[in-house]
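Q: Pasting in a structure now, in structure tokens, and then I'll have a few things to ask.
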Amino acid sequence: MRPSNIRRQIASTAARLIAEEGIRDYGLAKRKAARQLGIGPNEELPTNLEIEEAVRTYQSLYLADEQPEQLRMLRSAAVTLMAELARFSPYATGGVVDGTAGRFTAIELQVFADSAKEVELFLLNNGVDFDSRDPRRPDRNSPETTLLFDWDDLPVELAVFPAGLERSRGRERLRAESLRALLDNEEIEE
């Protein structure tokens with residue numbers, strides 16, 4: 001088998017794992033897919049962009065009825081939550097932004113505050129129970145912490161960054177107004 005075929009098979013299997021089993025970490029999905037296919041650890045794995053494209057293909061083939069509605073619901077909930085978190089300059093990222101969100105996707109938001117404790121206190125004062133996860137390999141562009149909680153029965157991953165990092169670029173991200181515009185455009189297309 002040529003390497004490009006192996007990479008495509010891994011990407012396709014990883015996409016199924018992401019869409020059907022809820023694996024959120026692309027790296028984990030790639031490694032698990034390679035193991036399932038009996039492909040050794042020395043084989044070059046597909047890029048995250050190749051995985052994202054495979055997820056889109058999988059969703060269009062197997063989840064065409066379910067995924068667009070799930071995406072709309074997650075985007076709408078994200079806009080509402082972003083309004084609640086407005087004082088922390090929230091941005092949406094991940095599947096809600098790139099359009100690959102499905103039934104297992106968390107609403108991924110980035111917020112910016114003088115300290116993570118400020119955001120934690122805000123959530124506690126609003127009756128939101130959360131868990132926190134520190135970055136695996138912290139660096140100056142990492143969130144201080146990621147707060148995990150449910151919002152209207154939907155999973156949320158809230159990455160809390162220092163206020164000074166708001167201008168730095170990383171993953172594709174959108175403000176609430178831009179996310180609302182995506183929702184409005186979807187309604188027009190229907």
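The values are calculated or read from the model by the stated rules, or taken from the named source; none is laboratory data. No experiment lies behind these values; they were computed from the predicted model shown. So basically every Cβ, Gly included, is an ideal-geometry build from the backbone, and we count neighbours across all protein chains shown.
Q: Are there any pairs, at least 6 apart or on different chains, whose C-beta atoms fall under 7 Å, with the first in region 125-144 and over 13 Å from Ala159 (Cβ atoms) and the second surrounded by 10 or more Cβ atoms within 10 Å (Cβ to Cβ), and if so, which?
A: These pairs meet every condition: Val128/Phe149; Asp129/Phe149; Asp131/Leu148.
Q: Mind listing just one residue for me: the one in region 103-116 that is out of contact with any Phe, Trp or Tyr (no Cβ under 8 Å at 6 or more places or on another chain) and closer than 21 Å to Ser178 by Cβ and, of those, modelled with the lowest pLDDT?
A: The first filter runs over region 103-116 and keeps only residues out of contact with any Phe, Trp or Tyr (no Cβ under 8 Å at 6 or more places or on another chain), leaving 103-106, 108, 114-116.
Those still in the list that are closer than 21 Å to Ser178 by Cβ too: 105-106, 108.
Values: Thr105: 90, Ala106: 93, Glu108: 95.
Only one residue tops the list, namely Thr105.
Q: Ok, one more. When you go through (1) part of a loop (DSSP other than H, G, I, E, B); (2) at pLDDT 90 or above one by one for Ala181, which number turns out not to apply?
A: For Ala181, the failing item is (1).
Q: Next question. Assuming Phe122 fulfils every condition listed in (1) in contact (Cβ under 8 Å) with a residue 12 or more places away in the chain; (2) more than 23 Å from Arg24 (Cβ to Cβ); (3) surrounded by fewer than 16 Cβ atoms within 10 Å (Cβ to Cβ) apart from one, which condition is it?
A: Every listed condition holds for Phe122 apart from (3).
Q: A further question on this structure: Kindly indicate whether Leu71 is of a type outside the set (Val, Ile, Thr) and modelled with pLDDT under 95.
A: Numbers: of a type outside the set (Val, Ile, Thr): yes; modelled with pLDDT under 95: yes.
When the stated conditions are applied, Leu71 passes them.
Q: Six or more apart or on different chains, Cβ atoms under 8 Å: show the pairs whose first residue is in region 26-50 and outside the structural domain of Arg7 (by TED's automatic domain parsing) and within 23 Å of Phe104 (Cα to Cα) and whose second is in a helix (DSSP H, G or I) and of a type in the set (S, T, N, Q).
A: That search, which allows pairs on different chains as well, returns nothing.
Q: Can you tell me how many residues in region 1-21 are of a type outside the set (Val, Ile, Thr) and either in contact with a Ser or Thr (Cβ under 8 Å, 6 or more places away or on another chain) or under 12 Å from Val55 (Cα atoms) (or both)? Write out each step before concluding.
A: First, the residues of region 1-21 that are of a type outside the set (Val, Ile, Thr): 1-5, 7-9, 11-12, 14-17, 19-21.
Checking the rest, the ones that are also either in contact with a Ser or Thr (Cβ under 8 Å, 6 or more places away or on another chain) or under 12 Å from Val55 (Cα atoms) (or both) come to 8, 11-12, 14-17, 19-20.
Adding up the residues that qualify gives 9.
Q: Of all residues in region 149-159, which are without any contact (Cβ under 8 Å) to a residue 40 or more places away in the chain and assigned to a strand (DSSP E or B)? Show your work before the answer.
A: From region 149-159, those without any contact (Cβ under 8 Å) to a residue 40 or more places away in the chain are 149-150, 153; that's our starting set.
Passing the criteria: Phe149, Asp150.
Q: Let me ask something else. For residues that are touching a helix residue (DSSP H, G or I) at 6+ places or on another chain (Cβ under 9 Å) and surrounded by fewer than 16 Cβ atoms within 10 Å (Cβ to Cβ), scanning just region 131-148, find the one that is modelled with the highest pLDDT.
A: Ser132
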